[in-house]
Amino acid sequence: MKRINVFDTTLRDGEQTPGVSLTLNEKLRIANKLDEIGVNVIEAGSAITSNGEREAIKAIVKEDYNAEIGSFVRILKDDIDAALDCDVDSVHLVAPTSDLHIKEKLKKTREYVFNQSMNMIDYCIDHGLLVEFSAEDGSRSDIEFLRDIFTEAVDVGSSRICVCDTVGILTPERAYHFYSNLSNFGVPLSVHCHNDFGLAVANTIAGIRAGATQFHSTVNGIGERAGNASLEEIIVSLKALYKDYSTDIQIDQLYNTSKLVSRLSGVYLQPNKAIVGENAFAHESGIHADGVIKNTSTYEPITPEILGRKRKFVIGKHIGTKGLKQRLNELNITYDENQFEEIFNKIKYLGDLGKLVSDVDIQTIADEVLEIEEEKKIALKELSIVSGNKVIPTASVKLEIDNNDILIADVGVGPVDAAIGAVKKGISDFADIELVEYHVDAITGGTDAFIDVVVKLKLDEQIISARGTQPDIINASVEAYLNGANRLLEHKENG
Ligand code: MN
């Protein structure tokens, strides 16, 4: 097994994602998690950027993690002084090496970059910093110049070297060839790849195959433009597809790490994202669900449990009889063959309307078919709304809760808000149910369309989603809320 070091740059390159800016506390929480899951080097930021950035880096340094804490610096004394001020262990010292960057961006010469790099490495080492010397736009640089500058950088005292594919133009074949030419300087070689063509992970792995012993990555692949190579994809690929590499990363923590970063950064994942996307272990089609139930490896290359995840069967129009039976069994619903056929057809019908069928829907449909009259804790007896132009939207409701009638009214910014407010007030003596999400869809076009309201409700730590479908948006909203509230209360009572 060859050991591979993980250098995570979620807090530096990742934070350069357009629109992302993390607070000190958020950075600290991410750093905490990165250290906990076994990242070897955390690039905590770029110290020169701002006062706030330095405060965050200092706070991370203070935590005294196992991970090495570094700052990004350019080949400028001020950048290095700012990093020193934060008391980091190391610097990722980045020098542009392509003629394009040297001439167009810096307006300097190769000689300047070469000499300035050596002076700055010297300066860092004099001040006790460990140096990872990095070639920016390395993949578009003259290979002879690269070899010269790295030879000298290692001579002067760089502990590691790194070559960046800054605009993501390598291919796996070229990456392999390119990194092979740069893996013999006697110090660890790092790969830093960007995802402009969707090849960052493939190129990173090609670099590792070519002899690199460290890679740079970000959680969820966040980063400038199309982002960086994604930590979780590299780690899981190395483990599941290559097998002759080891890292210190705890694979079963990758999913919740991904969740944390997506929540704090506000960069939500595409559902079909490899490894951590919501659909990565979801099965809808009948044939697939049937196969997975018999043997998970039929349609799953790895099991979700490895990542601390669960597989999901999505009920929709592709559901097969086996998948639905499995779901009904999981919900403890018993049925005979005729009843099953009726439930199956009703769910297919909803699926054909383009709806995803939730557990609450299945439960409701099954109750209907099996003629189970659930004793509802809360029932709506009356609802009236006053709304219009220049009136305050007001709702009054009569609820029956445990055989007692409760009459209550509320106002809101609109009629739906007023109605939900009144219902919430009415049941507040029994439970403080919080509306976490509200989503409305017209199933078909036209003003006579059925309105489908989906709500997410929270009671204590339990969150469930519920749905109401009616021709009227206010009734649909109240129905959804009450469906959910009843289910939550039932769940609470039954433990
Ligand atoms: Mn980068």
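The values are calculated or read from the model by the stated rules, or taken from the named source; none is laboratory data. Every value quoted in this text rests on a predicted model; they were computed, and no experiment measured them. Please note: Cβ atoms are built from the backbone with ideal geometry, for glycine as well, and neighbour counts cover all protein chains shown. These accessible areas exclude ligands, DNA and RNA; they are computed on the full protein's heavy atoms, side chains included. Shrake-Rupley method; radii C 1.70, N 1.55, O 1.52, S 1.80 Å.
The trypsin sites (Lys or Arg not before Pro) of the range 257-302 include none that meets both criteria, a DSSP state outside H, G, I, E and B (loop) and at most 15 other C-beta atoms within 10 angstrom of the site's C-beta. Restricting to the chain, compute how many DSSP beta bridges are antiparallel as a %, nearest 5. The antiparallel fraction comes to roughly 45 percent.
A Förster radius of 30 Å combined with the Cβ-Cβ distance from residue 250 to residue 329 puts the calculated FRET efficiency at roughly 0.35. For the range 395-415 and the range 127-165, write down the distance between their C-alpha centroids in whole Å. Here the answer is 70 Å between Cα centres.
Measuring from centroid to centroid over Cα atoms, what is the spacing of the range 323-356 and the range 296-312 in Å? Cα centroid to Cα centroid, the span is 24 Å.
Using a cut-off of 31 Å between Cα atoms, the listed pairs 58/259; 381/492; 58/107 include 58/107 as exceeding that distance. In this Cβ point-charge picture (+1 for Lys and Arg, -1 for Asp and Glu), the chain has a dipole of about 860 debye about its Cα centre.
Mind checking which aspartates and glutamates have their Cα closer than 12 Å to the Cα of residue 103? Skip sequence neighbours fewer than 8 apart in that chain. Straight-distance partners of residue 103: 111.
Apply the a/c threshold of 1.5 to the C-alpha gyration tensor of the range 378-493 and tell me whether it is rounded, prolate or oblate. Working shown, then result.
Numbers: a/c = 1.79, a/b = 1.20, b/c = 1.49.
It comes out oblate by the Cα gyration axes.
Reachable lysines from residue 348, Cα under 23 Å, same-chain residues fewer than 8 places away excluded? Cross-link targets: 294, 312, 317, 322, 325.
Along the charge dipole of the range 282-370, Cβ charges K/R +1 and D/E -1, which of 329, 293, 350 sits furthest on the positive end? About the Cα centre, the residue reaching furthest to the positive side is 293. Its Cα centre serving as origin, the range 282-370 has a Cβ charge dipole (Lys and Arg +1, Asp and Glu -1) of approximately 420 debye.
Considering only protein heavy atoms, with the full assembly of protein chains and a 1.4 angstrom probe, order 487, 327 by accessible area, largest first.
487, 327
Can you list the residues, at least 5 places off or on another chain, whose amide H is less than 5 Å from the amide H of residue 312, using H built in the peptide plane? Residues meeting the criterion, in which the H sits 1.01 Å from N, are 282, 283.
Express the accessible area of the chain per residue in Å², computed with a 1.4 Å probe while the remaining protein chains stay in the model.
On the way: 23180 Å² over 495 residues.
Per-residue accessible area for the chain comes out at 47 Å².
Per atom type, the chain shows carbon and sulfur on 48% of its accessible surface, probed at 1.4 Å. Rounded to the nearest 5, what % of DSSP beta bridges with both residues in the range 2-265 are antiparallel? Expressed as a percentage, antiparallel bridges in the range 2-265 total about 5. Reducing the range 471-495 and the range 1-80 to their Cα centroids gives an inter-centroid distance of 45 Å. Which shape class, rounded, prolate or oblate, goes with the range 253-402 when its Cα gyration tensor gives a ≥ b ≥ c as root eigenvalues, a/c under 1.5 marks rounded, and past that a/b bigger than b/c marks prolate? Oblate shape, in that a/c is at least 1.5 and b/c is the bigger or equal ratio. Selection among 6, 471, 202 by position relative to the dipole of the chain gives 202 as farthest towards the positive end (Cβ unit charges, Cα centre). Counting only alpha carbon atoms, the long axis of helix 200-209 and the longest principal axis of the chain meet at about 50°.
Taking a ≥ b ≥ c as the square roots of the eigenvalues of the Cα gyration tensor, the range 116-205 is prolate, since a/c reaches 1.5 or more and a/b is larger than b/c.
With +1 on each Lys and Arg Cβ and -1 on each Asp and Glu Cβ, and nothing else charged, work out how big the dipole of the range 390-493 is about its Cα centre, in Debye to the nearest 20.
Rounded to the nearest 20 debye, it is 240 debye.
Candidate cross-link partners of residue 239 among the aspartates and glutamates, defined by an alpha-carbon separation under 13 Å and a same-chain spacing of 8 or more, comprise 248, 252. Measuring nothing but how far apart in sequence close Cα pairs (under 8 Å, 6+ apart) lie, relative to its length, the chain scores a relative contact order of 9 percent. Between residue 407 and residue 147, the distance separating the two model label sites (each 7 Å from Cα on the Cα→Cβ line) works out to 9.3 nm.
Would you mind getting me the FRET efficiency between residue 359 and residue 226? Use the beta-carbon distance for r and R0 = 51 Å, nearest 0.05. Between residue 359 and residue 226 the formula returns 0.90.
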